[in-house]
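Encoded as structure tokens, the structure appears first; notes follow it.
The values are calculated or read from the model by the stated rules, or taken from the named source; none is laboratory data. Keep in mind that what you see is a predicted model, and the values were worked out from it rather than measured. We place every Cβ from the backbone using ideal geometry, glycine too, and count neighbours over all the protein chains shown.
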Amino acid sequence: MVGPRHAGSVGAPDGGLPPVHSGWNNPAVPRDRDVDAFDRRAARYENGRIGRLHRDIADRTVDLALSCAPGARRVLDVGCGTGYLLRQIAQRLPDAVELAGVDAAPSMVEMARTRAPGDGRLRFSTGFAEKLPYSSGSFDLLVSTTSFDHWADQRAGLEECARVLAPGGHLVLTDLFSLWLVPTLVAGHRGRARTTARAGRLLTAAGFRSVRWHRIYTLILRAVSATT
Ligand SMILES: C[S@@+](CC[C@H](N)C(=O)[O-])C[C@H]1O[C@@H](n2cnc3c(N)ncnc32)[C@H](O)[C@@H]1O
């Protein structure tokens with residue numbers, strides 16, 4: 001909901017860690033209808049009131065993520081947008097060795113690269129949550145903010161998150177989760193996991209343990225932490 005919804009198209013993989021999957025142009029990866037709209041918004045995404053809201057959500061999520069995994073060394077942000085969250089983590093985790101961001105919108109990835117402060121640990125790639133371009137067990141912390149609600153296949157995305165985390169790795173995912181959103185599931189978003197119960201079931205099915213919910217912002221923006 002924190003973002004637009006339109007028909008979409010995405011580009012080819014273009015950098016970052018060595019790809020092990022190529023979801024691009026692969027009919028097995030459903031294209032998210034929102035991606036094209038995010039692609040067009042990339043240059044102004046961090047501006048204005050909505051930009052401030054997203055930065056605030058990211059800041060709170062970073063606090064939570066670093067309380068869960070204070071010594072994280074390899075971090076992935078799925079649906080990283082313009083890379084704001086990873087830039088904050090880069091400052092807070094001087095000992096981290098890999099700070100990777102992946103996003104389905106190529107212009108978001110370009111913007112993230114442009115804004116990265118010459119820190120060689122920050123690497124951004126175009127790719128889908130549903131087919132992450134990383135080897136299994138690559139990360140010890142995986143963060144995602146206000147992207148999950150846009151994933152075309154949330155089950156596949158969470159399975160991929162579990163796959164790329166090392167055993168004992170931490171997931172911290174922030175999005176819209178509330179019983180207040182049940183009416184939105186009747187109209188148009190039937191398959192979305194917008195309640196803690198639905199998302200919890202998907203997380204458990206994907207192999208996550210120690211699933212805990214945290215209030216991040218207002219009544220409906222929550223974060224979930226879990227481990228592999
Ligand atoms: C509301 S923005 C959030 C960006 C950033 N995480 C933040 O908090 O500002 C949602 C992002 O998710 C990306 N996205 C949507 N579907 C995706 C998918 N299936 N895989 C990866 N990224 C996706 C969009 O391109 C967009 O950049």
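Residues in segment 43-87 that are within 11 Å of the ligand (Cβ to nearest atom) and part of a loop (DSSP other than H, G, I, E, B) were compared, and the one that is nearest to residue 153 (Cα to Cα) is 79.
The set of residues in segment 103-131 that are of a type outside the set (Val, Ile, Thr), more than 7 Å from the ligand (Cβ to nearest atom) and under 18 Å from residue 38 (Cβ atoms) comprises 106, 107, 110, 111, 112, 113, 115, 124, 125, 131. Checked against (1) away from the ligand (no atom under 12 Å from the Cβ); (2) more than 13 Å from the chain's Cα centre (by Cα), residue 156 passes all but a single condition, namely (1). Can you name the number of the only condition in (1) at pLDDT 95 or above; (2) surrounded by fewer than 20 Cβ atoms within 10 Å (Cβ to Cβ); (3) more than 18 Å from residue 227 (Cβ to Cβ) that residue 166 fails? Every listed condition holds for residue 166 apart from (3).
The criterion of at least 3 residues that are in contact with a His (Cβ under 9 Å, 6 or more places away or on another chain) is met by none of the helices (runs of 4 or more DSSP H) falling completely within segment 125-222. Residues in segment 88-102 that are within 12 Å of the ligand (Cβ to nearest atom) and under 13 Å from the mean Cα position of the chain (by Cα): 101, 102. Here residue 192 meets each of (1) within 16 Å of the ligand (Cβ to nearest atom); (2) modelled with pLDDT of 90 or more; (3) surrounded by fewer than 23 Cβ atoms within 10 Å (Cβ to Cβ); (4) of a type outside the set (Asp, Glu) with one exception, condition (2).
Any idea how many residues of segment 165-180 are among the hydrophobic types (A, V, I, L, M, F, W, C), within 13 Å of the ligand (Cβ to nearest atom) and touching a residue at least 60 places away in the same chain (Cβ under 8 Å)? Of the residues in segment 165-180, 2 are among the hydrophobic types (A, V, I, L, M, F, W, C), within 13 Å of the ligand (Cβ to nearest atom) and touching a residue at least 60 places away in the same chain (Cβ under 8 Å).
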